[in-house]
Amino acid sequence: MTENIKFYPISYVMSDKLKSFFTAITNDFKLQEQLYATKKLSDVVIIANKLGFNIKGAEVLQAQAGRVLAIIIEQSDDVENLLSGLKPRTSAQWGRGGGGFLDKAGFWLNELSSVFPITPIEAQINKFLDKSRQNHQLKKQLLAVKTFNELAALFQENDFNLTAINLLTHQAQKILALSEAEAERVADN
């Protein structure tokens, strides 16, 4: 894990406290399993605080998003794990039983749509979300989607040409664009 810290995008700056926490747990496999099993990122914060690390859920959430973008940029074989909802080898997706914010891809696409647009695919996503708001069945399907591969398939079934990697990149960028208060709210869900 520690060796991956240097691979975060330049746009993401990790706090020294969070780096110290990541470094401390690198070889503690029992603690890593405990972190993967947490229900919410706020549970990760509770564990970290008990160990003497004063970090916030927003930091953990945004560190996860930063690492996802780095994995995409690196063209790592971990990308397919991220898209399929599997546990990546080089990223700590804590909370939500190891799914982190990557769990429930459709739900989070819908939730994060209110954050200001930061990618060129925003117009297509907004059109899709507008369509889902008008079509109860489509909305139900969207909220049930678990992985980015499934999310891309749903977009394509509805004549929107976005790939799973487009959607994963978009979501990670949205997470990094959240204010600390917004990120704390997401981390506590």
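When only residues in the range 139-185 that are in a loop (DSSP other than H, G, I, E, B) and hydroxyl-bearing (Ser, Thr, Tyr) count, which is surrounded by the most Cβ atoms within 10 Å (Cβ to Cβ)?
Per the stated criteria, the residue is THR147.
List every residue pair whose Cβ atoms lie under 6 Å apart, where the two residues are 6 or more positions apart in sequence or sit on different chains, the first residue falls within the range 21-37 and is free of Cβ contacts under 8 Å to residues at least 24 places away in the same chain, and the second residue, located anywhere, is loosely packed, with under 15 Cβ neighbours inside 10 Å.
Here the result reads THR23/THR2, each pair linking the range 21-37 to a residue that is loosely packed, with under 15 Cβ neighbours inside 10 Å.
Looking at (1) in a helix (DSSP H, G or I); (2) in contact (Cβ under 8 Å) with a residue 24 or more places away in the chain, find the lone condition where ASN189 falls short.
If we test ASN189 against (1) in a helix (DSSP H, G or I); (2) in contact (Cβ under 8 Å) with a residue 24 or more places away in the chain, just (1) comes out false.
Go through the residues of the range 105-124 one by one and say whether even a single one is surrounded by 21 or more Cβ atoms within 10 Å (Cβ to Cβ), within 22 Å of GLN64 (Cα to Cα), at pLDDT 90 or above and not assigned by TED's automatic domain parsing to the domain that holds LEU83.
no
I need a count of the residues in the range 60-91 that are under 26 Å from ILE47 (Cα atoms), touching a residue at least 60 places away in the same chain (Cβ under 8 Å) and not hydrophobic (A, V, I, L, M, F, W, C).
Selection size over the range 60-91: 7.
The values are calculated or read from the model by the stated rules, or taken from the named source; none is laboratory data. In this text the structure is predicted, and so the values were computed from the model without any measurement. Glycine gets a Cβ as well: all are built from the backbone with ideal geometry, and neighbour counts include every protein chain shown.
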